[in-house]
Amino acid sequence: MPATDTEDSRRGPRHEPSGFPEPPGQDIGRTAGRTAGGAGGPDDSDEMASGLDALESPVSATAATSRRLLAKAAPPLAAVALVLALWQTAYALNWSATLPSPAAVWGELAGAWSDGTLLPALGHSLLRCLVGFAASAAIGVPLGLLLTRMAPLRTVLGPILSAVQSLPAAALVPVAVIALGNSESAVYAVVLLGAVPSIAVGVTTAVDQIPPLLLRAGRSMGAGGLRGAVHILVPAALPGFVAALRQGWTFGWRALMTAELITATPLPGIGRMLDAGRQGGELSLVLASVVLILAVGVLVESALFSPVERRVLRSRGLASAAGR
Amino acid sequence: MSTELATPAPAPSVTGAGAGQARPYAVRLDRVSKSFGSSPRARQQVLDGIGLTVAPGEFVCLLGASGCGKSTLLNLVAGLDHPTSGEVRVPHGRPALMFQDHALFPWLSAGRNVELALKLAGVPRAERRGRAEELLRLVRLPDAYGKRVHQLSGGMRQRVALARSLAQGSRVLLMDEPFAALDAITRDLLHEELTRVWRERELTVLFVTHNVREAVRLGQRVVLLSSRPGRVAREWDVDLPYPRRIEDSGVTSLAREITGHLHEEIVRHARH
Ligand SMILES: Nc1ncnc2c1ncn2[C@@H]1O[C@H](COP(=O)(O)OP(=O)(O)OP(=O)(O)O)[C@@H](O)[C@H]1O
Ligand SMILES: [Mg+2]
């Protein structure tokens, strides 16, 4: 049966009188009229179906890549330019006696770069955040999934996780330092406490929001238990998982900066830089550190999470608002 | 769940399912009732003492007003829900259910949706691609393999869903208003395809629809459900030869008769 179908569909167009191409609208009208008359062979129906489908299919238009790139880069560049302009104006009008010029902060960064302190500070902080984030994801995702499977556990742990999530990292640092001493492990504890609850809560929310119909469809196809988790549950919740990880990274990065800034141990990192500026009353060094912290946040966000999130959403037809 | 559905089957025999009973059957509902809501006050009885036997290879259409419990009944047969009382038996194993909404997985392409059903049905990897393409051709979507669900129109989604439910390889096919969203021409084509597949594969079909003519055109038997609570109000055997066409005079006259009864049901319900 399928073999003849293929043959028919391949043969179909050749039965057409080879003349001028007809506009699709006319084509539909004609074939439809023919069936109504009662002569519906397989050739006709294939043609007809594909004619109808041609009508139903969306027309895709892709904009030029360069224009899309420009459209994407323009708003953030404009925002940076605006901030710089305001800052320069404030400096030029001498609104604040302590405010350094953008150039001075740039000089600070350039100096730290040339004397070789910038990259190690950046590297240490980034590596710490990466390790902390990986550990948080490795704990948070399974924990979140476990909570959706075990209702009693959720009634107990759910509120605790939400409470910890709402706690500022600054409040956790003294606890961690007293419990673990002034060490790198105290810093990691703060990062984990910042990121794990937000990832776990995000994962449970993502699973809760899967349309029940899809789970039923999976079950009716024989996907229960582990097979259901692999083939239905995880892919269905993937957009929510990505959002949870993204939030986990943000929380982790903020918690790390707080921890680096507040702990008494001199751990190399951007937080240390910030602290050095504060101790020395050098606003230009402090602002340089703030610029770095911001830049890392924005870069990870726009180079890693945004593209992944957009891809996941777009493949499901959900990115119309964010994407085009 | 599937094991529970399979257990009532007696030892396999040549006569097929339901041997040991007077007549073999593919689906059997025995005084099946279903209520929703846990508190006695909010309790709503949707189905009340439904008795229905579908023979192997039979094509039965279920008709009834909106909200009378047709989808609920199919869910019970599919094993997705359990009756409050009574018994549902499906000796051939898990039936394939085509939902009222297409229920396709949006993270997979049309072809992959079909392939997942094949995979879960135990079809070896090497055969899946070919079978999926074959099924998509069957529903007149030869070019849809790589399309995402959101790139398809409502009618095309419904057809992919049909291909996916056929891919499950079940002997029993449950269909919940599968063609309601289609234009008349495509619907007519798919009626023909469905009739052909049903006869070729000797499927048992339980087909829910609002459309009386569709029911008469497709089914060997049409079952009319009453509303609130849902009961079997009446049945008709459709003794018209296949292939049928929707405009056949036999189809039209029986459809007219059934429509009269359907209206009576609705009016009777409105008075209560
Ligand atoms: N999970 C549920 N909880 C509570 N009530 C439900 C539930 N599912 C269905 N119902 C109720 O059961 C009744 C029958 O619903 P069902 O979906 O089976 O109707 P239907 O015959 O398929 O209608 P339609 O033709 O509109 O699809 C409705 O009144 C509905 O409100
Ligand atoms: Mg329904």
- Query: According to the Kirkwood expression over distinct Cα-Cα pairs, how big is the hydrodynamic radius of the stretch A:164-272, in Å?
  - Reply: 15.6
- Item | q = 0.14, 0.16, 0.22 Å⁻¹: log10 I(q)/I(0) that the Debye formula gives for the stretch B:51-152, counting C-alpha atoms only | -0.74, -0.91, -1.20
- Message: Contact order normalised by length for the stretch A:102-315, with contacts defined as Cα pairs under 8 Å and 6 or more residues apart; what percent is it?
- Response: 27
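Which FRET efficiency value, to the nearest 0.05, do you get for A:Leu119 and A:Arg149 by plugging their Cβ-Cβ distance into 1/(1 + (r/R0)^6) with R0 = 45 Å? Walk me through the intermediate numbers first.
On the way: r = 44 Å, r/R0 = 0.99.
With R0 = 45 Å, the Cβ-Cβ based efficiency is 0.50.
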- Radius of gyration and Dmax for the stretch B:55-115's Cα atoms, expressed in Å? 14.3, 40
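After finding the eigenvalues of the alpha carbon gyration tensor for the stretch B:76-219, what semi-axes result from the square roots of 5 times each, listed largest first in whole Å?
Values: eigenvalues 104, 76, 43 Å².
Each semi-axis is the square root of five times an eigenvalue, giving 23, 19, 15 Å.
Pop the C-beta distance of B:Ser39 and B:Ser66 into the FRET formula with R0 = 30 Å and round what comes out to the nearest 0.05. Mind showing how you got there, number by number?
Numbers: r = 25 Å, r/R0 = 0.84.
FRET efficiency, B:Ser39 to B:Ser66: 0.75.
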- Residue-ordered couplings for the stretch B:100-109, obtained by feeding phi - 60° into the Karplus form 6.51 cos²θ - 1.76 cosθ + 1.60 and rounding to whole Hz (Gly and Pro as x), are 4, 8, 4, 6, 6, 8, x, 8, 10, 6
- Item | q = 0.07, 0.09, 0.16 Å⁻¹: log10 I(q)/I(0) that the Debye formula gives for chain B, counting C-alpha atoms only | -0.25, -0.42, -1.32
- Note on the structure: Output row, site A:Ala135, 7 Å Cα→C-beta label point, backbone N cut-off 19 Å, window the stretch A:177-203, residues A:177-201
- If all Cα-Cα distances of the stretch B:105-169 are sorted into 5 Å bins from 0 onward, what percent lands in each bin, rounded to whole numbers? 4, 22, 36, 24, 11, 3, 0
- Task: Could you work out how far apart the two model spin labels at B:Arg256 and A:Arg311 are, taking each label as a point 7 Å from the Cα in the direction of the beta carbon, and quote it in nm?
- Result: 6.2
- Determine, from the Cβ-Cβ distance of A:Val164 and B:Asp30 and an R0 of 60 Å, the FRET efficiency 1/(1 + (r/R0)^6), rounded to the nearest 0.05. 0.65
- Once the mean of 1/r over all distinct C-alpha pairs in the stretch A:234-289 is inverted, the Kirkwood radius in Å reads 13.0
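Apply the membrane-span-like helix rule to chain B: whole DSSP H runs, Cα extent along the own long axis of at least 27 Å, mean Kyte-Doolittle hydropathy at least -1.0. List the helices found.
Values: long enough: B:249-271 (33 Å, -0.38).
Span-like helices, by this rule, are B:249-271.
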- How many Å³ per residue does the convex hull of the Cα positions in the stretch A:102-315 occupy? 131
- Task: Give the cross-link partners of B:Lys70 among the lysines, using a straight C-alpha distance below 25 Å as the criterion and excluding same-chain residues fewer than 8 apart.
- Result: B:Lys34
- Note on the structure: quick shape note, the stretch A:197-324: Cα extents on principal axes in Å, largest first -> 67, 35, 17
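Computed from the coordinates by the stated procedures, all read-outs in this text should not be read as laboratory data. Just so it is clear, the structure is predicted and the values come from calculations on it, not from any experiment. Counting neighbours? That spans all protein chains shown, and the Cβs are built from the backbone with ideal geometry, glycine included.
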